[in-house]
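K.L.:
Before I ask anything, let me first share the structure, which is written out below as structure tokens.
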Amino acid sequence: MLAAAITTFTGCDKKADTQSANPQGGGKKLVVGFSQVGADNDWRVAETKSIRDEAAKRGIELKYDDAKDDMSKQLAAISSFIAQGVDAIILAPKVETGWEPVLKEAKAAKIPVILVDRGIKVSDESLYATLIASDFVAEGKMAADWLAKKTGGKANIIELEGTPGAAPAIDRKKGFADGIAAFPEMKIIAAQSGDFKTAKGKEVTETLLQKHGKDVTAIYAHNDNMALGAIEAIKAAGKKPGQEIIIVSVDAVKAGFESMVKGELNCAVECTPLLGPAAFDAVDMALKGDKFDKKTVVQDRVFDQSSAATELPNRKY
Ligand code: GZL
């Protein structure tokens, strides 16, 4: 399903031989290092499961490192993978910058690096083989378009931002701002990071409601977990989430669907974490020296309370 949902800019959908345990042949079991940001929300956990399940399906030995949200731990993990002589590295980078030195080490060791879910800023794009991710700017725009329709182009918005410096936080903010620019009566009255976490999303919303509770009519959360935290804060403030304050978020994890079915979250823009199959296809192609595009964009859809109950049984994360 994911492979079908994936489109590459070059349109080449050459499928690697995904069944081989080692595309270089010789029967040697492939060893892949996976550096994961953390395990602190539903989306992250689902992404890790997708990578682990796909490695098992392909008979690949996966060395997994959970950096517990600490960038320096990610850098150390990658250096360790290189020292262990893994065949390839899959990296979900916490933030966009700071990767050049360790990626130069990987390049010198001829170990291909596949980026999943978040992009990075490097001066030399040969430091990574490809990026498999959603288009976060488009996600922000879809959220804005939905909210504009829902509110008739009038809203006082609190924005709950993701992790500072992370590509989804930067780009979802940009896409949403682009989307509401056409509506002068849609205003962001406050914005603060909830670090993609439920508890932080609740804490930040509690604080912002104290100041803006009378004026706010909508919340745009960069992910479902922060939206769910915000919903708790809204209820604690004696307001009705989904009615008095409209809430739109990104990810569309199962808990987000359950909240939409309950009439609390109003809209979730999908951002699939099921990147395992595409990531290991890219590993195969990199090891075989195939040429492929620097970015593979995963398609996203928009769900709201009108579609949530029907779609919930189909959700895989
Ligand atoms: C998106 C991913 C984001 C999710 C959040 O690809 O990087 O990080 O939207 C997660 O839920 O924390």
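The values are calculated or read from the model by the stated rules, or taken from the named source; none is laboratory data. Bear in mind that the values here come from a model prediction, so they are computed numbers and not experimental data. Glycine gets a Cβ as well: all are built from the backbone with ideal geometry, and neighbour counts include every protein chain shown. Please note that ligands, DNA and RNA were not included when accessible areas were found on the heavy atoms of the full protein model with its side chains. Shrake-Rupley method; radii C 1.70, N 1.55, O 1.52, S 1.80 Å.
K.L.:
Give me the percent of DSSP beta bridges within the chain that run antiparallel, rounded to the nearest 5.
P.N.:
Bridges in the chain are about 15 percent antiparallel.
K.L.:
I need the phi-derived Karplus couplings for region 130-137: 6.51 cos²θ - 1.76 cosθ + 1.60, θ = phi - 60°, integer Hz, Gly and Pro marked x.
P.N.:
Calculated HN-Hα couplings, in order: 6, 10, 10, 7, 7, 9, 5, 5 Hz.
K.L.:
Could you rank TRP99, TRP146 by how accessible they are, 1.4 Å probe, largest area first?
P.N.:
My answer, sorted largest first, is TRP146, TRP99.
K.L.:
Under a straight-distance cross-link criterion of Cα-Cα below 12 Å, which aspartates and glutamates are reachable from LYS197, leaving out those fewer than 8 residues away in the same chain?
P.N.:
Cross-link targets: ASP40, ASP42, ASP69, GLU161, ASP224.
K.L.:
Just need the relative contact order of the chain here, percent rounded to a whole number, with Cα pairs under 8 Å and 6+ apart.
P.N.:
Relative contact order of the chain: 21 percent.
K.L.:
Assuming R0 = 30 Å, what is the FRET efficiency of LYS239 and LYS121, from their Cβ-Cβ distance, to the nearest 0.05?
P.N.:
Plugging the Cβ-Cβ distance into 1/(1 + (r/R0)^6) gives 0.15.
K.L.:
Now, a different point. With every protein chain kept in place and ligands, DNA and RNA left out, what is the accessible area per residue of region 131-216? Probe 1.4 Å, answer in Å².
P.N.:
43
K.L.:
For LYS28, which aspartates and glutamates qualify as cross-link partners when the Cα separation must be under 17 Å and same-chain residues fewer than eight apart are set aside?
P.N.:
Excluding near neighbours in sequence, the set is ASP17, GLU61, ASP87, ASP284.
K.L.:
In addition: Based on DSSP, what percent of beta bridges with both residues in region 203-317 are antiparallel, to the nearest 5?
P.N.:
25
K.L.:
Give the accessible area for GLU61 in Å² (nearest 10); use a 1.4 Å probe, count only protein heavy atoms, and leave out ligands, DNA and RNA.
P.N.:
Rounded to the nearest 10, the figure is 70 Å².
K.L.:
Once fully extended, how much extra length lies between ALA108 and LYS254, figured as 0.36 nm per residue of separation less the alpha-carbon to alpha-carbon distance?
P.N.:
Gain on stretching ALA108 to LYS254: 48.4 nm.
K.L.:
Strictly over 31 Å apart at the Cα level, which of LYS73/LYS107; LYS73/LYS149; LYS235/LYS295; LYS94/LYS239; LYS94/LYS214; LYS149/LYS291 would you flag in this model?
P.N.:
Where the Cα-Cα span goes over 31 Å, the pairs concerned are LYS73/LYS149; LYS235/LYS295; LYS94/LYS239; LYS94/LYS214; LYS149/LYS291.
K.L.:
With a ≥ b ≥ c the root eigenvalues of the C-alpha gyration tensor of region 173-317, is it rounded (a/c under 1.5), prolate (a/b larger than b/c) or oblate?
P.N.:
prolate
K.L.:
For an R0 of 25 angstrom, estimate the FRET efficiency from the Cβ-Cβ distance between LYS291 and LYS29 and round to the nearest 0.05.
P.N.:
0.45
K.L.:
Now, a different point. Quick check: from the Cα gyration tensor, does region 57-132 come out rounded (a/c under 1.5), prolate or oblate?
P.N.:
rounded
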